[in-house]
Amino acid sequence: TEEAVLPLLAGREATVGIAAINGPDSLVIAGTETDTLDIAQSLGVKFKRLPVSHAFHSPLMEPMLNDFRDVVSGLTFQAPRIPIVSTVTGRLTAPDELCTADYWVEHVRRPVRFTDAIHTLTEQGIDNLLELGPDATLSALTNGTPAMRKNRPEAQQLITALAHLHVNGTTIDWTTYYQNTRTHPIQLPTYAFQHERYWLEPVSSGTGDVSSAGLVSAEHPLLGAAIELADGEGLVLTGRLSLKTHPWLADHTIFGTVLLPGTAFVELATQAGDRTGYDTIEELTLAAPLTLPEHGNVHIQITVTGREFAIYSRPDGDDHPWTQHATGTLTNTNTPNPTKPTTWPPTNTHPINLTHTYETLHQHGYTYGPAFQG
């Protein structure tokens, strides 16, 4: 670490220094061969010599700094058009900060604060990194994607890098990519790609004919069967959930645990009301979360007695007790459909930037996969 090396530089400031900080516990020192090797060996850690021509970013660069300043002072600078994080300071630069010879003199002399620069990027909400260079040197220090790699075809590696960015949520300007080529986008056919099979599909137990057991098919993706009590005073809806039959539920996790979302309880209560003549959920109280195991099934049951309903579950097996997850009441309101706003957006409102909402939620333990992002 930087803290471990700095004390060893005392008294040697003219011959050796920290050249780069590549990670929390990975850095480069540069200077005269004797002092550099002496410090590296005294640390008692694994190290290797880098095949470079000069001790860049070290005190040995100082004799050339004035000549370097004269050359750079003759250049014409332009303020950057995109934000740049400086590896001299490790922070975002001001628009005119890079437009001085002094900055570039510091750049060739001071340590490369790569770790601080990466921390600044992540604090800005940036989580996709593309390395533009001759090899995967820097992306090997992070989870970045290299545009070029040694001993690999350049065109193939470039499109591979774009594909990596694309599947990780970065928008690629494919129009520019295909510009000046003989290719052009075409419209997809106006019909669905329909496959007609000529073999029997296995029928799972959850979608079979339940009438032989005195039940009625619930005809609902979360429910399997329904039965009305003989006295006409109640209804029972049953179903079975699993990540195998309902894989989209895996896109709703809290601290790594798959939970049935609260809106699913609303949907189940709505189904209970539709089947008993009620059009409104008057009250819904959630008592316990319904977790879905990585393997196996969870049986669910909704009971309706009069206006009261309750939702239960238990894992596979008759030896497991039922857990009550929700209770509530149903009613009829005959409320007309609400009218739409005459202007959009409504007056006295302001838009909210939701660009990094899902990333922020994920950092706090709430992970919403594609099925739950809208």
*So which helices of the chain fit the span-like rule, where a helix is a whole DSSP H run, its Cα atoms reach 24 Å or more along the axis, and its mean Kyte-Doolittle is at least 1.6?*
none
*Where nothing but the Cβ of Lys and Arg (+1) and of Asp and Glu (-1) is charged, how large is the charge dipole of region 154-300 around its Cα centre, in debye to the nearest 20?*
700
*asked:* Give me log10 I(q)/I(0) at q = 0.21, 0.25 Å⁻¹ for region 300-354, Debye formula, one equal scatterer per alpha-carbon, no solvent.
replied: -0.84, -1.02
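In terms of the Cα gyration tensor, with a ≥ b ≥ c the square roots of its eigenvalues, is region 324-374 rounded because a/c is under 1.5, prolate because a/b exceeds b/c, or oblate? Walk me through the numbers on the way to the answer.
Values: a/c = 3.08, a/b = 1.14, b/c = 2.71.
Oblate, since a/c reaches 1.5 and b/c is not below a/b.
Rounded to a whole number of µm²/s, how large is the Stokes-Einstein D of region 23-70 at 20 °C and 1.002 mPa s, given Rh as the Kirkwood radius over C-alpha pairs? Intermediate values should be presented prior to the final figure.
Working: Rh = 12.4 Å.
It diffuses with D of about 173 µm²/s by this estimate.
DSSP loop GluC sites (Glu not before Pro) in region 2-84 with at most 14 other Cβ atoms within 10 Å of their Cβ, which ones? Walk me through the intermediate numbers first.
On the way: sites: E2, E3, E13, E33; in loops: E13.
Taking region 2-84 and a limit of 14 other Cβ atoms within 10 Å, the loop GluC sites (Glu not before Pro) found are E13.
Name the shape class, rounded, prolate or oblate, that the alpha-carbon gyration tensor gives for region 224-374, where a ≥ b ≥ c are the square roots of its eigenvalues, rounded holds for a/c under 1.5, and otherwise prolate holds if a/b is larger than b/c and oblate otherwise.
Values: a/c = 2.66, a/b = 1.18, b/c = 2.26.
In terms of gyration-tensor shape, oblate.
Just the number, please: carbon plus sulfur as a percent of the accessible area of the chain, 1.4 Å probe, no ligands or DNA/RNA counted. Could the numbers behind the result be given before it?
Details: 14490 of 25950 Å².
Carbon and sulfur: 56 percent of the exposed surface of the chain.
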*asked:* Suppose only helical runs count, i.e. DSSP H with n ≥ 4. What mean residue ellipticity at 222 nm does that imply for the chain under -39500 (n - 2.57) per run, divided by all residues and rounded to the nearest 500 deg cm²/dmol?
replied: -6500 deg cm²/dmol
_Over the chain, what is the relative contact order in percent, taking alpha-carbon pairs closer than 8 angstrom and at least six residues apart?_
9
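If packing is taken as the mean number of other Cβ atoms within 10 Å per residue, what is the order of 120-130, 190-200, 68-78, 96-106, highest first? All intermediate terms of the calculation are to be shown ahead of the outcome.
On the way: 120-130: 13.6, 190-200: 5.3, 68-78: 11.1, 96-106: 15.4.
The packing order, highest mean first, is 96-106, 120-130, 68-78, 190-200.
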*How many nm separate the modelled label positions at E359 and H166, each set 7 Å beyond the Cα in the direction of the Cβ?*
2.1
_the chain - charge dipole about Cα centre, Lys and Arg +1 at Cβ, Asp and Glu -1, debye rounded to 20_ = 1000
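Leaving ligands and nucleic acids out of the surface, order R152, R307, R81 by accessible area at 1.4 Å, largest first. Can you show the working numbers first?
Numbers: R152 120, R307 90, R81 235 Å².
Sorted descending by solvent-accessible area, the residues read R81, R152, R307.
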*Estimated D of the chain in µm² per second, where Rh is the Kirkwood radius over Cα pairs and Stokes-Einstein applies at 10 °C, 1.306 mPa s*: 57
*For region 1-130, rounded, prolate or oblate, judged on the Cα gyration tensor with a ≥ b ≥ c (square roots of eigenvalues), a/c < 1.5 rounded, else prolate if a/b > b/c?*
oblate
*Sorted by mean Cβ packing within 10 Å, highest first, what order do the peptides 25-32, 273-280, 344-351 take?*
25-32, 273-280, 344-351
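Could you work out the Kirkwood radius for region 68-128, taking every pair of different alpha carbons, averaging 1/r and inverting it, reported in Å?
Working: mean 1/r = 0.0803 Å⁻¹.
Kirkwood hydrodynamic radius for region 68-128: 12.5 Å.
Ranked highest first by average number of other Cβ atoms within 10 Å, how do 299-305, 311-317 line up?
Values: 299-305: 19.6, 311-317: 16.9.
Ranking the peptides 299-305, 311-317 by packing returns 299-305, 311-317.
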_If you scale each eigenvalue of the Cα gyration tensor by 5 and take the root, what three semi-axes come out for region 75-164, rounded to whole angstrom and sorted largest first?_
26, 16, 13
*Any idea what the alpha-carbon Rg over 2.2 N^0.38 Å comes to for region 125-181?*
1.15
*asked:* At 7 Å along Cα-to-Cβ for each site, give me the label-to-label distance between D70 and A371 in nm.
replied: 7.0
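Which value, in debye to the nearest 20, describes the size of the charge dipole of region 224-312 about its Cα centre when Lys and Arg Cβ atoms bear +1, Asp and Glu Cβ atoms bear -1, and nothing else is charged? Each step should come with its number before you reach the end.
Values: 4 positive and 11 negative charges, 78 e Å.
Around 380 debye, computed over region 224-312.
The values are calculated or read from the model by the stated rules, or taken from the named source; none is laboratory data. Keep in mind that what you see is a predicted model, and the values were worked out from it rather than measured. A quick note on method: Cβ atoms are made from the backbone with ideal geometry, for glycine too, and the neighbour counts reach across all protein chains shown. Heads up: the accessible areas ignore ligands, DNA and RNA and are worked out on the full protein's heavy atoms, side chains in. Shrake-Rupley method; radii C 1.70, N 1.55, O 1.52, S 1.80 Å.
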